[in-house]
Amino acid sequence: MLGNLGATELIIIAVVIILLFGAKKMPDMARSLGRSMRIIKAETKGLKNDEQAADAETAAPASQPVVASPAPAQLPEAAKVPSDVEKMQKQIDELQGQLKAQQNAEQKNAS
């Protein structure tokens, strides 16, 4: 169906598109389409790289020796992580409390 389109039909289609969408919007639409295509291209490359990395990881463990992981006492950062998480949780709780107080004050002012 599309193989039967000649030059005159393509020109007519282009003129109709320009009339429908306007000449001012066409560059923005083309720019947006180009950005979208770049994003799609980057994502497909990323997927291919992820698949290749996964294939390499599945093949690599058979040839690598098994190394014992260090005990938690040997990891100094492991002790830090829970305290950091606890600090962040306290900050979240404080911010939520401040937000509730602010919302209550706004409700009182609105009444």
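Given R₀ = 25 Å, what would the calculated FRET efficiency be for L47 paired with M26, taking r from the Cβ atoms and rounding to 0.05?
Step by step, r from the Cβ atoms, then E = 0.20.
About the Cα centre, and with charges only on the beta carbon of Lys, Arg (+1) and Asp, Glu (-1), how big is the dipole of the range 1-61? Nearest 20 debye, please.
460 debye
Could you give each residue of the range 31-44 its phi-based ³J(HN,Hα) in whole Hz, using Karplus coefficients 6.51, -1.76, 1.60 with θ = phi - 60°, and x for Gly or Pro?
5, 5, 5, x, 4, 4, 5, 5, 5, 4, 5, 5, 5, 5
Would you work out which of A53, N4, A30 lies farthest towards the positive end of the dipole of the range 1-61? Charges go on Cβ: Lys and Arg +1, Asp and Glu -1.
A30
Quick one: if you take sqrt(5λ) for each eigenvalue of the C-alpha gyration tensor of the range 1-61, what semi-axes come out, biggest first, whole angstrom?
For the range 1-61, the ellipsoid semi-axes come out as 42, 17, 5 Å.
Readers should treat all values here as calculations from the given coordinates under stated rules, not as data from a laboratory. It should be emphasised that the depicted structure is a prediction, and the values quoted were computed from it without experimental measurement. Virtual Cβ from ideal backbone geometry, glycine too; neighbours counted across all protein chains shown.
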